[in-house]
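The values are calculated or read from the model by the stated rules, or taken from the named source; none is laboratory data. It should be emphasised that the depicted structure is a prediction, and the values quoted were computed from it without experimental measurement. Quick reminder, even Gly has a Cβ in these numbers, built from the backbone with ideal geometry, and neighbours come from all protein chains shown.
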Amino acid sequence: MDLSFFVIQTLSGLASASSLFVIASGLTIVFGVTRIVNFAHGSFYMLGAYMAVTIVPWLLEFDRSPTLFFVGVLASALVVGVLGVIMEVVLLRRIYRVPELFQLLATFGVVLIVQDVVLKIWGPVDITGPRAPGMRHGIEILGQRFPAYELFLIFVGPAVLGALLLIMHKTRFGVLIRAATQDREMVGALGVNQAMLFTGTLFLGAFLAGLGGALQIPRLPANTGMDLSIITEAFVVTVIGGMGSVPGAFIAALIIKMLEAFGILIFPKITLVLVFLLMAVVLVVKPWGLMGKPEVASGRAVLPEGILNLKGFSRKETMVWVVLTLALLLVPILGDTYKVKVGIEIMVFALAAFSLNLLIGNGGIVSFGHAAYFGVGAYAAGLLVTGPLKAPMELALVAAPLAGGLAAALFGYFIVRLSGIYLAMLTLAFAQITYAIFFQWVEVTGGDNGVVGVWPSRWAATREVYFYVVAVLALTSIVALRHLFYTPFGYTLRAARDSANRADAIGIDVKTHRWLAFIVAGAAAGLAGGLYSFSKGSIDPTMISIAMSIDFLMMILTGGIQTVMGPLVGTAVFHSVKDFFMPLTDFWRFFLGVSIIAIVLIFPKGVVGALDGLRERLGRRAPTPATPAAVARETA
Amino acid sequence: MQPLLSVTGLEKRFGGVTAGKDVTFSLAAGEMLAIIGPNGAGKSTTFNMVGGQLTPDAGSIVLAGQDITGKPPREIWRLGVGRTFQIAQTFISMSVVENVQMALISHHGQTRSVKEAATRLHRDAAIGFLARVGMADMADRPVNELAYGDVKRVELAIALASEPKLLLMDEPTAGMAPKERTALMQLTSDIARAHGIGVLFTEHDMDSVFGHADRILVLVRGEIIATGTPDEVRSNQRVKQVYLGEAGSQAALKARRQAAEAH
Ligand SMILES: Nc1ncnc2c1ncn2[C@@H]1O[C@H](COP(=O)(O)OP(=O)(O)O)[C@@H](O)[C@H]1O
Ligand SMILES: [Mg+2]
């Protein structure tokens with residue numbers, strides 16, 4: 001490798017690191033103060049880019065000067081900062097005290113809303129921005145040309161770091177940010193100023209994301225996929241750097257981007273795996289990231305948001321479920337093809353959602369990436385059948401849960417080392433990495449298009465017969481999983497969720513039990529994925545996408561995470577509604593986003609939870625508080 | 001005879017704060033040993049080092065001849081140490097009896113069992129432990145509906161469920177009414193004597209300490225400044241100066257008189 005190449009590679013790495021840091025610093029600051037992981041941070045970044053491709057060209061009409069270019073960039077960032085303030089006042093304020101799962105979902109609701117709004121305003125076509133006047137040339141470095149704008153970007157990161165450190169140490173606002181990040185108690189003592197601090201922090205965070213986005217326009221056209229692509233990278237940076245630590249984010253961004261710049265020379269295709277390995281190593285050695293502080297594990301004074309007391313079925317409930325199952329089994333006989341298709345999908349998703357609720361509702365393990373295991377199962381089955389092996393469906397359906405379980409064993413090994421919000425971010429990061437691998441490994445997976453021709457064996461080729469294949473496998477798996485909730489193993493998971501300290505002090509190896517649960521849930525999701533691939537006849541990356549993970553979460557939330565059977569009801573309701581409405585509207589994501597936020601704010605116990613509540617109210621006891629915020633308030 | 005617990009030269013620092021410095025003491029089976037001292041003295045830190053929740057920077061902890069320094073809580077529990085926490089830690093979504101059943105399930109190594117329903121296991125034994133702390137009649141109440149004093153008693157039943165040799169109780173009576181306090185401490189010392197369990201406890205309530213401890217350690221800023229029988233500690237000038245003060249000494253004296261009358 002010659003020297004000039006080495007230098008150029010280093011410089012590109014630095015430029016990318018610098019940009020990534022600007023964005024991630026905002027995410028980490030917002031987390032430090034509000035303890036909310038803001039999914040919408042990626043949306044702010046995207047909005048920054050769209051604002052800039054709108055404002056900057058307009059300004060350059062007046063005068064093609066570098067000054068006006070940067071005025072435009074700053075103006076875009078300011079507009080996004082104001083959007084951050086609006087989000088804080090309208091939404092975040094209402095959810096500071098609700099459980100993490102709901103916070104994450106609510107901010108994801110914003111992501112969905114922004115996606116459709118951006119689509120409506122700017123359209124689906126990428127918009128190329130103007131290049132920066134005065135920086136359009138290349139600069140000769142050791143005989144190679146390097147873009148001047150990239151060189152400029154290298155300095156932006158350190159400049160922003162310097163400015164942030166100055167703010168943090170020299171202004172009252174900054175000192176408050178640091179104090180709040182280090183000491184939760186102190187925030188409560190702030191009184192009136194708390195609102196100002198939080199609003200100000202959101203402004204700063206959104207401003208940084210917007211700035212990061214606006215600065216990208218000479219190198220990257222504004223496009224509708226920017227939000228989710230950057231949020232994963234920003235998550236990885238904050239997890240590695242330590243959540244809440246600005247210098248940590250700087251170091252992590254540097255390491256990751258340099259690793260990518262040089263990793264690409266050694267392993268051209270799998271730089272992602274390198275990043276994954278780095279993250280894994282860091283988390284094993286320093287679970288709170290390079291410069292993060294451990295969250296002080298405190299006892300739970302608030303009732304958990306998940307499953308409370310387990311009741312067996314009453315005779316009436318057993319009847320209801322038996323009748324429902326029989327009705328379901330009659331669908332292929334009485335219903336049309338469409339109903340059979342929806343029936344299959346509901347059973348498949350119900351299995352996946354049910355397994356997710358073993359983790360979330362029962363174990364308090366908030367997984368934001370359950371689609372990874374579903375998708376791995378789907379791909380394992382699909383590739384076995386279509387690949388060189390030409391394996392039969394029967395084998396593929398054995399392989400699917402094995403693959404899902406294996407992936408869960410691998411990722412879960414790291415995931416269960418963390419807890420709370422850190423854990424949730426890691427599940428998401430792993431899912432996104434899985435997505436990227438399947439997306440990029442075109443020769444094997446067919447990339448974006450996926451692979452077609454995933455058909456069942458001949459005996460199961462008709463929809464009706466396949467329906468019964470799914471029914472047997474999915475329903476028995478669900479019954480088996482339901483049994484788990486009631487066994488000592490299920491109780492142990494719930495015990496660890498209620499108080500990890502207490503569980504540890506009575507001899508329970510919390511991590512190992514969580515890991516086992518992760519593997520079981522991953523295998524069940526993998527089976528669901530395998531079944532799904534045969535029902536669609538194809539596999540494609542949407543099965544591993546973040547949208548899929550969110551759908552699973554919505555299914556269990558719609559049903560209610562406080563109940564064992566809720567996910568089944570939730571899946572049936574959510575999937576039917578989605579299947580019916582999605583073809584009718586161009587704004588499905590907008591409505592989904594609004595529904596998520598509505599569920600979080602007013603209906604957090606889901607359908608089954610609400611029914612239970614109703615029954616209790618009609619019965620004897622006083623109703624339990626309806627919203628998580630109310631629960632938090634009452635016990636605070 | 002070899003002591004049940006012997007702690008030698010424990011050190012613990014948090015950044016600039018010294019929470020433990022050359023902490024050395026020992027405890028015999030059936031003995032009640034109290035650690036007292038102002039807030040932030042390092043009492044909870046000492047409990048957490050013995051219980052395995054924190055790893056000491058230096059020093060050693062030996063339980064019945066076996067070195068347990070730096071072992072995780074679950075192993076220390078397996079070797080016979082039960083504990084309660086300063087802020088009670090229970091399984092808040094479960095009923096009272098299920099909390100104790102959980103401890104028994106773990107004690108019998110059944111936490112990975114997927115055969116029978118958990119609620120059917122060890123129910124009678126669990127109710128037996130609840131009876132010991134006077135909570136048997138509340139067995140099927142959800143633990144989150146109990147008064148705080150009752151939660152603490154449930155926690156004690158959980159800790160007893162593994163038949164420990166050593167019981168660690170960090171402020172067992174905090175948040176209780178005075179009458180409840182005396183009852184719980186009496187209960188604890190009865191159980192300890194009857195089963196030969198060593199008890200290490202800490203308290204701010206002078207009645208509990210001077211009425212029930214066999215020996216007392218005084219911890220200030222991470223260091224033991226005095227140790228001895230309740231009467232020795234009560235009359236120690238240094239202890240009076242830095243911790244008890246006039247009111248504390250009076251309360252201690254009263255507690256001693258009452259204890260003497262009771263015997
Ligand atoms: N996990 C921790 N991190 C940092 N400081 C701690 C931690 N635990 C305790 N401390 C500090 O150590 C000192 C002793 O605390 P602690 O053992 O809880 O005191 P006590 O129980 O006697 O009131 C206090 O100054 C406390 O702030
Ligand atoms: Mg304490």
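Taken over the range B:123-174, the residue count meeting the criterion of being touching a helix residue (DSSP H, G or I) at 6+ places or on another chain (Cβ under 6 Å), surrounded by fewer than 20 Cβ atoms within 10 Å (Cβ to Cβ) and of a type in the set (D, E, K, R) is 1. The condition of being out of contact with any helix residue (DSSP H, G or I) (no Cβ under 7 Å at 6 or more places or on another chain) and either closer than 26 Å to B:V242 by Cα or in a loop (DSSP other than H, G, I, E, B) (or both) holds for only one of B:A41, B:A34, B:A19, that being B:A41.
Residues are listed down the side, and each one gets a yes or a no for (1) surrounded by 24 or more Cβ atoms within 10 Å (Cβ to Cβ); (2) under 24 Å from A:K120 (Cβ atoms):
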residue: A:A547; (1), (2): no, yes
residue: A:F552; (1), (2): yes, no
residue: A:I556; (1), (2): yes, no
residue: A:G560; (1), (2): yes, no
residue: A:T563; (1), (2): yes, no
residue: A:L568; (1), (2): yes, no
residue: A:H575; (1), (2): no, no
residue: A:M582; (1), (2): no, yes
residue: A:T585; (1), (2): no, yes
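Just so you know, in the range A:459-492 the residues that are facing another protein chain (nearest Cβ under 9 Å) and touching a residue at least 12 places away in the same chain (Cβ under 8 Å) include one that is surrounded by the most Cβ atoms within 10 Å (Cβ to Cβ), and it is A:T492. Within the range B:112-125, being in contact with an Asp or Glu (Cβ under 8 Å, 6 or more places away or on another chain) and of a type in the set (S, T, N, Q) holds for one residue alone: B:T119.
If only residues of the range B:189-221 that are in contact with a strand residue (DSSP E or B) (Cβ under 6 Å, 6 or more places away or on another chain) and of a type in the set (S, T, N, Q) are counted, the one that is surrounded by the fewest Cβ atoms within 10 Å (Cβ to Cβ) is B:S189.
The criterion of being within 8 Å of chain A (Cβ to nearest Cβ), at pLDDT below 95, touching a helix residue (DSSP H, G or I) at 6+ places or on another chain (Cβ under 7 Å) and within 16 Å of ligand 1 (Cβ to nearest atom) holds for B:A88. Within the range B:12-63, restricting attention to residues that are of a type in the set (G, A, S) and within 14 Å of chain A (Cβ to nearest Cβ), which residue is nearest to ligand 2 (Cβ to nearest atom)? Only one residue tops the list, namely B:S44. All conditions but one from (1) of a type in the set (K, R); (2) within 14 Å of chain A (Cβ to nearest Cβ); (3) surrounded by 19 or more Cβ atoms within 10 Å (Cβ to Cβ) apply to B:R78; the one that does not is (3). Taking the range A:1-19, which residues are under 15 Å from A:I141 (Cα atoms) and hydroxyl-bearing (S, T, Y)? Passing the criteria: A:S4, A:T10, A:S12.
Each row is one residue, and each column tells you yes or no for (1) touching a residue at least 40 places away in the same chain (Cβ under 8 Å); (2) not β-branched (V, I, T).
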residue	(1), (2)
A:F21	yes, yes
A:G26	yes, yes
A:G48	yes, yes
A:A52	yes, yes
A:W58	no, yes
A:S76	yes, yes
A:R94	yes, yes
A:E100	yes, yes
A:V110	yes, no
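Quick one: is B:T8 within 18 Å of B:L166 (Cβ to Cβ), more than 12 Å from ligand 2 (Cβ to nearest atom) and more than 14 Å from every other protein chain (Cβ to nearest Cβ)? Answer is yes for this residue.
Every condition in (1) assigned to a helix (DSSP H, G or I); (2) β-branched (V, I, T); (3) within 16 Å of ligand 1 (Cβ to nearest atom) is met by B:I76 except one, and the failing one is (3).
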